1. So which of S84, S68 is in a helix (DSSP H, G or I), within 25 Å of L113 (Cβ to Cβ) and open to solvent by 30 Å² or more (accessible area, probe 1.4 Å)?
2. Test each condition in (1) of a type outside the set (S, T, N, Q); (2) assigned to a helix (DSSP H, G or I); (3) touching a residue at least 40 places away in the same chain (Cβ under 8 Å) for L78 and report the one that comes out false.
3. Give me the residue from the stretch 132-152 that is modelled with pLDDT of 95 or more and part of a loop (DSSP other than H, G, I, E, B) and, out of that set, surrounded by the fewest Cβ atoms within 10 Å (Cβ to Cβ).
4. Can you tell me which condition F24 does not meet? The list is (1) open to solvent by 30 Å² or more (accessible area, probe 1.4 Å); (2) part of a strand (DSSP E or B), and all the others hold.
5. From the list G137, G181, G131, G116, exactly one residue is over 26 Å from G8 (Cβ atoms) and of a type in the set (G, A, S). Which is it?
6. Hey, does the stretch 185-202 have a residue that's out of contact with any Asp or Glu (no Cβ under 7 Å at 6 or more places or on another chain), exposed (fewer than 12 other Cβ atoms within 10 Å of the Cβ) and at positive phi?
7. Given (1) assigned to a helix (DSSP H, G or I); (2) touching a residue at least 12 places away in the same chain (Cβ under 8 Å); (3) out of contact with any Cys (no Cβ under 9 Å at 6 or more places or on another chain); (4) of a type in the set (S, T, N, Q), where does T162 come up short, assuming only one miss?
8. Any residue in the stretch 95-120 that is under 17 Å from L136 (Cβ atoms) sitting within a Cβ distance under 6 Å of a residue that is open to solvent by 40 Å² or more (accessible area, probe 1.4 Å) and not aliphatic (A, V, I, L, M)? List the pairs, counting only those 6 or more apart or interchain.
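The values are calculated or read from the model by the stated rules, or taken from the named source; none is laboratory data. In this text, all values refer to a predicted model and were calculated from it rather than measured experimentally. Here the Cβ positions follow ideal geometry from the backbone for every residue, glycine too, while neighbour counts run over all protein chains shown. For the accessible areas, the whole protein counts, side chains as well, though only heavy atoms, and no ligand, DNA or RNA atoms are used. Shrake-Rupley method; radii C 1.70, N 1.55, O 1.52, S 1.80 Å.
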Amino acid sequence: MILAIDAGNSYIIVGGLTDKTVTFTCTLSTDKHKTGDEYAILFKNLMGLQRIDCRTVEGAVISCVVPSLTHALRQAVLQVTGKSPLVVGPGIKTGLNILLDNPGQMGSDIVSLAVGALGNYGRPSVTVDMGTATILGVLDSTGNYIGGAICPGLPISLAALTAGTSQLPNISLEAPSRVIGRSTVECMQSGMLYGFAAMLDGMLARIETELGTSPTVIFTGEHAELLSTLCCRTDIVCDPHLILKGLWLIYEKNAKR
């Protein structure tokens with residue numbers, strides 16, 4: 001088994017993979033102040049809940065977009081498994097041809113998603129990762145990563161809306177039965193969810209026009225399943241474990257090294 005860890009700004013996803021198959025996932029809140037020892041305790045307890053013997057872990061790979069956490073996570077994995085984890089970053093073999101003005105600015109999460117999309121869904125493809133930010137990544141017909149778009153995520157958009165207004169309440173992100181809301185809560189839910197889906201429909205249509213061909217569209221991350229049902233497109237693939245699958249492929253490319 002390989003441990004794959006996706007450390008984002010809001011959550012840390014810990015997954016176990018065997019032969020490309022995700023066997024378990026657990027979610028932790030991201031805490032920049034936790035030490036390696038504290039994360040080691042959390043990891044060990046999580047694996048205990050999954051009835052996994054830490055000694056069976058063959059290796060580990062980490063994608064972390066919070067630089068101050070990388071060392072703590074690396075230390076935690078080493079303590080729990082006895083294996084030094086691979087950290088996605090400069091010098092790591094990904095098999096991805098990145099055609100950006102400055103490839104070094106591309107986050108390890110975006111790299112892992114692109115590798116996962118290329119390895120599992122082919123090309124051309126567009127990944128839509130819904131987390132703290134909503135990140136669209138584009139692979140062209142030859143498999144090159146050519147760029148994408150970054151939009152605010154649903155949770156921080158809702159937080160900004162309620163924080164910046166005096167009379168709008170906090171709401172749950174559940175789709176109302178109609179677009180034309182008949183209460184404040186329904187109006188907010190409609191604007192957030194149907195509005196967000198319309199934004200994604202528009203962005204995907206524009207990307208498809210620029211590509212000149214119809215790509216495979218893969219939604220992943222929080223709210224991916226819900227938003228896929230609200231978008232007008234009917235060809236959306238939902239893959240909640242896409243980044244973990246990408247991390248597994250990156251690990252495999254670097255394991256012998």
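1. Details: S84 fails: in a helix (DSSP H, G or I).
It is S68.
2. (3)
3. T142
4. (1)
5. Values: G137 fails: over 26 Å from G8 (Cβ atoms); G131 fails: over 26 Å from G8 (Cβ atoms); G116 fails: over 26 Å from G8 (Cβ atoms).
That would be G181, the only listed residue that is over 26 Å from G8 (Cβ atoms) and of a type in the set (G, A, S).
6. no
7. Going through (1) assigned to a helix (DSSP H, G or I); (2) touching a residue at least 12 places away in the same chain (Cβ under 8 Å); (3) out of contact with any Cys (no Cβ under 9 Å at 6 or more places or on another chain); (4) of a type in the set (S, T, N, Q) one by one, T162 breaks only (2).
8. G116/K245
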